[in-house]
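The structure appears below as structure tokens.
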Amino acid sequence: MSVELDVFVGNTTIMDEEVYQFWLDGYTVNDAVKVRMEGGVLEECEASAEVLRSDTMDQYRTFQMCERLLHSPAKLANQLLFQIPPHRQAMLIERYYTFDGLFVREVLGKKLSKGTKKDLDDVSAKTGVTLKSCRRQFDNFKRVFKVVEELKGPLVENIRQHFLLSDKLARDYAAIVFFANNRFETGKKKLHYLTFQDFAFCAGQLISNWTVGALDNMVEDMDVDLEKEFLQDLKELKILITDKDLLDQHKSLVCTALRGKTKAFNEMEANFKNLSRGLVNIAAKLTNTKDVRDFFIDLVEKFIEPCRSDKWTAGDMRLYLTHYTNSAHILDTFK
Amino acid sequence: MPGKLKAKIVAGRHLPVMDRASDLTDAFVEVKFGNTTFKTDVYPKSLNPQWNSEWFKFEVDDEDLQDEPLQITVLDHDTYSANDAIGKVYIDIDPLLSCEAATVISGWLPIYDTIHGIRGEINVVVKVDLFNDLNRFRQSSCGVKFFCTTSIPRCYRAALVHGFVEELVVNEDPEYQWIDRIRTPRASNEARQRLISLMSGELQRKIGLKVLEMGGNAVVGYLQCFDLEGESGLVVRAIGTACTLDKLIPGTESKEPVFSEDPPHPLSVPPTPLRTLPSSSSPPPFSPSKPCSRQSSSSDTDLSLTPKMGMGSGISVGKEAGPLKTLLRQQAQSALEQRVHFFSDPVYFQEFPFFTLTCFPPGFLVHIGGVVSARSVKLLDRIHNPALGNTRSYKLLDWNSVAADEPETRDAWWEEIRQEIKSHAKALGCHAVVGYSESTTICEEVCILSASGTAAMLNPRFMREGSVCVYSRFDDASPPSCGFCHIPYDEFNMPFPAQLTYCYHCRRQKVPDVLFTTIDLPAEAAVTGKGCLIQARLCRTKKKAQGEVNATAISNLLPFMEYELHTQLMNKLKLRCMNALFGLRIQISVGENMLLGLASATGVYLSALPAPGGIQITGKTPSDLSYDQHISTMQKRINDTIAMNKELYNIHPLECIEEVVGSPIPDRQRSRLFRSTSESSDELSELDLSHGKKDAFVLEIDDTDAVEDIQSLLTDAPMPAGFYSCNTEVMPGIYNWTSGLQMFTSVRVYRLSNANLTNQGLNKIFTDLCENLLKSLYFKLRSMIPCCLCHLNFTVAVPEEELIQVRRHTPKHTSPILYIFPKNILVRSGENEEQLQFSMELCGESTSSNNQPTAKPSVSSVDYGSFADRCSTWLELLRLKAHTIRRGSVKTKVRSRSLRSTRSLPCGAPVTVVKMTPLSFLPRTRIVKYLGIINMFFIRETTSLREEGGVSGFLHSFIAEVFAMVRAHVAALGGNAVVSYSMKECVFMENPNKNQAQCLINVSGDAVIFVRESDQEAIPPLIMSGQPSTTGADGTT
């Protein structure tokens, strides 16, 4: 005797969050059943493995049918096929678009192309995230990217409205889109210690300070691209390192301000010229797309690593950069 | 020409991509009614077209308005080739024809294609201008309201109940027409959908006419069924109860003696504080069902064997002592007088005093006799004419003539059965049958027609002109909480042997020891403890046979099956320490080599009836010591189970304070329970023995079968804590419902691997299947605990081996398959409880061959205290925190606002939440308006079964689509719920080898608008409903 067909349909679509997570994580039905059994649901309800399997299958089918709708979450609210209470809809969407930090680190800044998708099995093997889940996450990135790419206005807000995501998740997606668009290199070994959230923070800063939208909300342009004009302007910073007088002047201003405030003062003073040269060089090269891609690696190599070898603390870094910026403003050239 | 239908096509959304090149669609719409067609302009290159058409006007007869659906077809314009159809929408405009129902249909409706399913949505507005037609000879019956609900609809008052109406319409099934060989599956499916829509329209119109003739204005308990007889055609039949309903003015309803108001808490007030509370004496009397043969198979058709049995609500003459005797005599006399009275009452003059209602206004039901049922096996004769290759076309030519007398044949069949039911009821001393229903199962050319109901005596005032307003007791003042239990028949001339005792409630009249009924528990009934779902399951093998032989074999088996089902029910009832069954549904389905019986009911302990006795086991060979030991352990297990169940269902009848002198509470009644396992004819003689005068309810273990039986009795898995289930509308003993409900449908198909199974093996498998299904449901709904599954409705079918057949390609399967379809849950939650209910249906499958009216059927009928044939169940769920399913409201609004602010998104008012429930009401809400009946039929077919996720995926999405379409149509009518929802038909066929599957679904229900009752508002009706019962009780004491 075998079960040929086994279907359960509710007027209000019944979904189990636990099973949803298994599905999202790319577990097969069998694996999910196994995990659920170990989880002890059975004892709780005196059910048999068969019951569990049938339930899992049902849920998986429901999720599969919903998946199409989840691709454009706005549809979920006005589709007629499934009657899902709004808070459940929000949960479904949020979870569907949630991604693994480990996975996203692997593809961050990569072109969201077919080629990258083909390599997902390597990523899967490396991160331990199932291939299915990797694909889902990758497709999510790509989908969000495609929709937002064409849209004008603030990036985060666009994502939030089109995909009905929470603010936090929308910001993360904005970071992903931003990185993918600018193709920032994040995969180099030297950058491995940085988490996605570190990059997301940077992306947030870049979006709010370096893009067209950042300057003028009224401008009908997008947040995805760095503002060309601004990058062009950065070239003028070169004077800080090419003009000997300015360099000295800048250094003395910074050192005066820093003196006595940090243990690393000596190193700061000694390295000032090198560090300043590093920073300004990075800034000045940003008109080059290739150099934009290497932005983070350059920052780490030319600035962060020297500082780290001098045992700066995060506070030292903040202090240094604040005074570095402030002092520059005082210089006559920039007045 | 009294009607003008107007339709406007507003817009479409989410359309499929029809042009691969542009990823867009050039859509336009055809609107068709009758033979008139209008078209909209083509809206080029969009998946969200805005047509905003003019009003298309159709001037039509109201007859057509009733019969025809409005047909909307969405197409993709193609300059070079034929336009591609995207899908269709059929709109039943019947709800617009009654001034009290909906006035406009407006909203987003799914565009449905029989091959691809739902493909986008279309926004339409439909209105009807109706001119009154006063022509006496009119053929239309516009304005007659139809309700699927089997009680008086909530916002109406029954002025008069006229009685039974029935009609049937026969046509050829388009699937079996010769043209089907050349047309596309889509065309064939659409022809079928359209035909059925037409036929149900016609049927409704004809029934409406009958109602008007009777002077009524509504049909309540409208039950429409399809018989897919394959090549012999398609029968659509319907039964219902004609009524005159008065609309209640909102607000005043709780003040009037509203018959439609079912008191949700009838028992919260002890009905008669003056009386010592009734109770049972410790060794309670019991007599098992008695076979009583009242058999009718009178018909021409007789292969009939006489099913020598009936399950009585067993009653036997009490030996009363002196002083009471006279009283009894008097009562008997008055009973006789009553009977005379009845003969003059209007019900008596009806041809069929049947009522499809299961729930009645207080005072309507006077006494209940017991379940009456009749079955008849008919043969749909096949035309065997291999020499003539073109049988089909020959048939077609002849069709008109055949079709012409077909309805008569079918009518005659049903008439026969109804007569039989009527005579059974009469034998029980009853003049009416309530909770009446009819059904068929078809397997190849054999067709079993079944009818069942509950024999009852009714208060004729409801049938007379201008009576209703006050509840006046027609009978000699039986208190409402027990009056219906009192026997309607003459105790000295009982229709079957049974144990009678004085009513434990009022001590004045006799009651049987067990009561079986097909109706819902009357709201005023006094119940001890909680109720529960009781199921009897049975599987019998049968030799494969053809035609007449097959029919004979089936009709020979039927009575045994019924007997055994009854025995099982009785045992399970005892085991749960209960004494009455409500909502009994028995379904017998026929397969090629097996018969399946599934009986479900809700067991209750009625306070008025005596406590059931225990079950005693005896062995046949008492000499064997180890055997004795075995028996005693078994006995112990049974006793333990009974004790446990008492706790579980909270059944603690009060001990008798004072023994009424001479009350005929006998010592332990002893009787034997016999099993009829084998086909041997000796069984019959043995059956007679069971007219027991022995002194306990004894299970005799005389063979291994019996052992297994007891095992199965005991192995019924107990419900997990927090779950309750029943198949009636409300769970007896639970009153704190919450408004959260969840309806579900579940379908299962099992393939039996081994065709050479024994009866026992099959029984075991079948029982396991049902148990597993229930377990699975409990598991799924565990998050809703405490919860109650209500109106749980099982339908089971044994598709024949070759059932699996799509579009008549020869099937290759060789093992039988079982289909089980449970259906419909509702979750309800209350102050601190939540209930969940559902009804399940196990649906059947059959292919039948062509038949001729000259069938060779055999009739077999069984009549017993109670039995029925379809099974409904509810599970109920109680929850400690009222929350779960909260819909609509805040979040949706927020969402939609944010949507509106987004530029590129298509329009979207949030989708209206539509609740669906098999119940006739929504707990904690008030139904303010009935918008009309929903009766929809869909066919879905696929030629890419694997791609759609196999059979499960296919059916899952189809059922979801059907739900979506029902919800959309209800929302378009302006409603927010469907009550009395049921999935009448769910026929599934597959051919995995060809990667094909086909499924037919028929659903029905009443579209309503409900408003949530605030808790304050909810209280007054309770008090009000409490009152009639108090007054009633006062009168009697």
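The values are calculated or read from the model by the stated rules, or taken from the named source; none is laboratory data. Note that the coordinates shown come from a computational prediction; the quantities given were computed from them, not determined experimentally. Cβ atoms come from the backbone with ideal geometry, glycine included; neighbour counts cover every protein chain shown. Heavy atoms of the whole protein, side chains included, go into the accessibility calculation; ligands, DNA and RNA do not. Shrake-Rupley method; radii C 1.70, N 1.55, O 1.52, S 1.80 Å.
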Test: residue in segment A:263-276 that is open to solvent by 20 Å² or more (accessible area, probe 1.4 Å), more than 28 Å from residue A:180 (Cα to Cα), aliphatic (A, V, I, L, M) and touching a residue at least 60 places away in the same chain (Cβ under 8 Å): no
Say whether the condition of being in contact with a Gly (Cβ under 6 Å, 6 or more places away or on another chain), at pLDDT 85 or above and of a type outside the set (Ser, Thr, Tyr) is met by at least one residue in segment B:439-453. yes
Within segment B:964-990, count every residue that is aliphatic (A, V, I, L, M) and outside any helix (DSSP H, G or I). 7
Residue A:43 fails exactly one of (1) within 9 Å of chain B (Cβ to nearest Cβ); (2) modelled with pLDDT under 85; (3) over 17 Å from residue B:747 (Cβ atoms), namely (1)
Checked segment B:937-975 for anything among the polar types (S, T, N, Q) and open to solvent by 10 Å² or more (accessible area, probe 1.4 Å); matches are B:943, B:944, B:952, B:957
What's the number of the condition residue B:59 fails, among (1) crowded, with 19+ Cβ neighbours inside 10 Å; (2) in a strand (DSSP E or B)? (1)
So residue B:521, is it open to solvent by 10 Å² or more (accessible area, probe 1.4 Å) and part of a loop (DSSP other than H, G, I, E, B): yes
Regarding segment A:68-80, can at least one residue be identified that is outside any helix (DSSP H, G or I) and facing chain B (nearest Cβ under 7 Å)? yes
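Yes or no, residue by residue, for (1) out of contact with any Gly (no Cβ under 9 Å at 6 or more places or on another chain); (2) of a type outside the set (Ser, Thr, Tyr):
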site: B:530; (1), (2): no, yes
site: B:533; (1), (2): no, yes
site: B:552; (1), (2): yes, no
site: B:557; (1), (2): yes, yes
site: B:564; (1), (2): no, yes
site: B:569; (1), (2): no, yes
Can you find a residue that is within 12 Å of chain A (Cβ to nearest Cβ), more than 17 Å from residue B:982 (Cα to Cα) and in contact (Cβ under 8 Å) with a residue 40 or more places away in the chain anywhere in segment B:924-941? no
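Considering only residues that are of a type in the set (Gly, Ala, Ser) and over 19 Å from residue B:583 (Cβ atoms), which ones fall in segment B:428-461?
B:429
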If we scan segment A:97-108, do we find a residue that is open to solvent by less than 30 Å² (accessible area, probe 1.4 Å), in contact with a Lys or Arg (Cβ under 6 Å, 6 or more places away or on another chain), part of a loop (DSSP other than H, G, I, E, B) and under 23 Å from residue A:202 (Cβ atoms)? no
Members of segment A:128-186 that are under 17 Å from residue A:205 (Cβ atoms), open to solvent by 40 Å² or more (accessible area, probe 1.4 Å) and more than 14 Å from chain B (Cβ to nearest Cβ): A:168, A:171, A:181
Subset of segment B:507-517, residues assigned to a loop (DSSP other than H, G, I, E, B) and either open to solvent by less than 10 Å² (accessible area, probe 1.4 Å) or free of Cβ contacts under 8 Å to residues at least 24 places away in the same chain (or both), comes to B:513, B:514, B:517
Looking at segment B:21-37, which of its residues are more than 26 Å from residue A:76 (Cβ to Cβ) and open to solvent by 60 Å² or more (accessible area, probe 1.4 Å)? B:21, B:32, B:35, B:36, B:37
Search segment B:621-636 for residues being modelled with pLDDT under 80 and among the charged types (D, E, K, R), and hand back the single one that is farthest from residue B:604 (Cα to Cα). B:624
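Each row is one residue, and each column tells you yes or no for (1) open to solvent by 10 Å² or more (accessible area, probe 1.4 Å); (2) in a helix (DSSP H, G or I).
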position: B:544; (1), (2): yes, no
position: B:570; (1), (2): no, yes
position: B:585; (1), (2): yes, no
position: B:609; (1), (2): no, no
position: B:614; (1), (2): yes, no
position: B:642; (1), (2): yes, yes
Write out, first by first residue and then by second, each pair whose Cβ atoms fall under 7 Å of each other, whose residues are 6+ apart or on separate chains, and whose first residue, in segment B:424-443, is not assigned by the TED database to the domain that holds residue B:516 and among the β-branched types (Val, Ile, Thr) while the second is crowded, with 24+ Cβ neighbours inside 10 Å and modelled with pLDDT under 85. none
Does residue B:557 qualify as being open to solvent by less than 10 Å² (accessible area, probe 1.4 Å) and modelled with pLDDT of 80 or more? no
Would you confirm whether any residue within segment A:195-204 is touching a helix residue (DSSP H, G or I) at 6+ places or on another chain (Cβ under 9 Å), exposed (fewer than 14 other Cβ atoms within 10 Å of the Cβ) and outside any helix (DSSP H, G or I)? yes
